[in-house]
Amino acid sequence: MTTRTTGRYKSSTHRYNAYEAVNELFDKAADRLNMAEELRQILKTPFREIEVAVPVRMDSGKIHVYAGFRVQHNGARGPWKGGIRYHPEVDKDEVRALASLMSWKTALIDVPFGGAKGGVACDPMNMSMTELERLTRKFTARIAIVLGPHRDIPAPDMGTDGQVMAWLMDEYSSRRGYSPGVVTGKPVSLGGSQGRITATAYGVITVADAFYKSRGDKLEGKTAAIQGFGNVGSYCAHFWHERGGKVVAITDVKGGVYNEKGLDVPALFDWFKEKRTVAGFPGADVMNNQDLLALPVDCLIPAAIGDVITPDNCTHIKAPLIVEGANHPTMPEADEELHERGITVIPDILANAGGVTVSYFEWSQNLTQFYWDEDRVNQELDRKMRKAFMDVHTLARQEKCSKRTAAMMLALKRVGEAEQQRGN
Ligand code: NAD
């Protein structure tokens, strides 16, 4: 199992925190754009940060007070938008970093939103449904003042799902009246969009496909190793398999599996339904989170937590392509080394933007109360992902830089223009 590091490497004596790491990427792109210092300061600084206490009566009868956060990073291009994470390691720095990434992601994929993120430091795997509901309702109540369909629109992230979004919508609506547009990633029966559950993974696999096409190659027959079998990882496996690729390894927090000939992905879904882990799946060898990163596969898809590709382990990576399903899975120094070694990294703000793209479709459907079928959702998503991929690919070639730097350059330029046009 991957041991989570608590900071990012900068030098032997200093480690980046999550927010510094994102700003490191920011500066690299801003330097290439010759961005003025004043504008850098505006774009880097979060607009608003909220930290709340979330007291929850547990099933045992005792009250536990959790720490909750919502950071609204930049709203120049539209309402703040970003997921809510339930994970024991949530802290303000990480939420800030993720909020900042959302500002760049929404701009890059070109949906009319700003960037935000929220989270509660809790362990949802060890909480009952009633505890999770009470936690969600209390957290919503405490941040409701800054939410709204035209203000700030949460969505699912690690440890949260459609059910959590449904409680959030219900709690918010009980104060402000029926407001499906206050949150995305809702169940379809409550105004969610067709295709939202699979959207992030659909986008990840679409950009991988676009990458192969850009080289006159194809995804069919290619091998992949995937870290994580939650929302993003599991559907990445599904789509990779559906498009004729071979998924040879998958790991999650409890363990992992490997089969050189390719895992039976539909059977793995059935196994997971019952066991809640991929570990122990029959007909496969045991795999762990570290060894998975070093497998000789065509494509590596980190789709679990952040900071898993480090300066220490990146030298062992053999995959020529990394598609970042997770947010910030690669530490900055590791990223540089991968680039120098000629390994293509399709960065998080591009690769996993499918989720926020379909969130945008969901929000538009809620505002118009006109609903699309899944084919239309996937067609529009496909178009947006491929366009963003080609924009990044073309700029990276022109600038002779990594796709991450090119993606950040495009995003910064768009947000910077909006800020300046609004007079800031
Ligand atoms: P999830 O909670 O559904 O799944 C998380 C997966 O990661 C699980 O398989 C879990 O076992 C695994 N995991 C957790 N801790 C781990 C550890 N220490 N080592 C190895 N594996 C571990 O979350 P998700 O929604 O699939 O999100 C995964 C990543 O994708 C996150 O980085 C998230 O920010 C990012 N992301 C998600 C979405 C979305 O729409 N869900 C959109 C964009 C980005």
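Counting each DSSP H run of 4 or more residues in the chain as -39500 (n - 2.57), what helix-only mean residue ellipticity at 222 nm follows after dividing by all residues, to the nearest 500 deg cm²/dmol? Walk me through the numbers on the way to the answer.
Numbers: 14 runs with 191 residues, N = 424.
Value at 222 nm, helices only, nearest 500: -14500 deg cm²/dmol.
What part of the accessible area of the chain, given as a whole %, is carbon or sulfur when the probe is 1.4 angstrom?
With neighbouring chains kept in place, the figure for the chain is 50 percent.
Could you give the accessible area per residue of the chain, probe 1.4 Å, as a whole number in Å²?
For the chain, the per-residue accessible area is 41 Å².
Using DSSP, restrict attention to beta bridges with both residues in the stretch 46-190 and report what percent are antiparallel, rounded to the nearest 5.
Antiparallel bridges make up about 65 percent of those DSSP assigns within the stretch 46-190.
Work out, step by step, the length gained on full extension between ALA267 and ALA53: first 0.36 nm times the residue separation, then minus their alpha carbon distance; give nm to one decimal.
Result for the pair: 72.8 nm of gain on full extension.
Helix hunt in the chain: which complete DSSP H runs extend at least 18 Å axially by C-alpha with mean Kyte-Doolittle at least -1.0?
18-32, 92-109, 129-143, 162-176, 196-214, 354-368, 403-421
Using a Gaussian network model of the chain with C-alpha springs under 10 Å, which one of HIS328, HIS64, HIS316 is most mobile by mean-square fluctuation?
Highest fluctuation of the listed residues: HIS64.
Which trypsin sites (Lys or Arg not before Pro) from the stretch 243-335 combine a DSSP loop assignment with at most 14 other Cβ atoms within 10 Å?
Answer in residue order: LYS254, LYS261, ARG276, LYS318.
Greater than 32 Å separation of Cα atoms is the criterion. Which listed pairs, LYS254/LYS413; LYS44/LYS275; LYS105/LYS275; LYS254/LYS318, meet it? Walk me through the numbers on the way to the answer.
On the way: LYS254/LYS413 41 Å; LYS44/LYS275 43 Å; LYS105/LYS275 34 Å; LYS254/LYS318 24 Å.
Correct reply: LYS254/LYS413; LYS44/LYS275; LYS105/LYS275.
Go through GLN420, LEU168, ASN34 and say which Cα lies farthest out towards the positive end of the charge dipole of the chain; charges sit on Cβ, +1 for Lys and Arg, -1 for Asp and Glu.
Result: GLN420.
The values are calculated or read from the model by the stated rules, or taken from the named source; none is laboratory data. All values derive from a computational prediction rather than experimental measurement. Using ideal geometry, Cβ is built from the backbone for each residue, glycine included, and neighbour counts are taken over all protein chains shown. Protein only, heavy atoms only, side chains kept; ligands, DNA and RNA dropped before computing areas. Shrake-Rupley method; radii C 1.70, N 1.55, O 1.52, S 1.80 Å.
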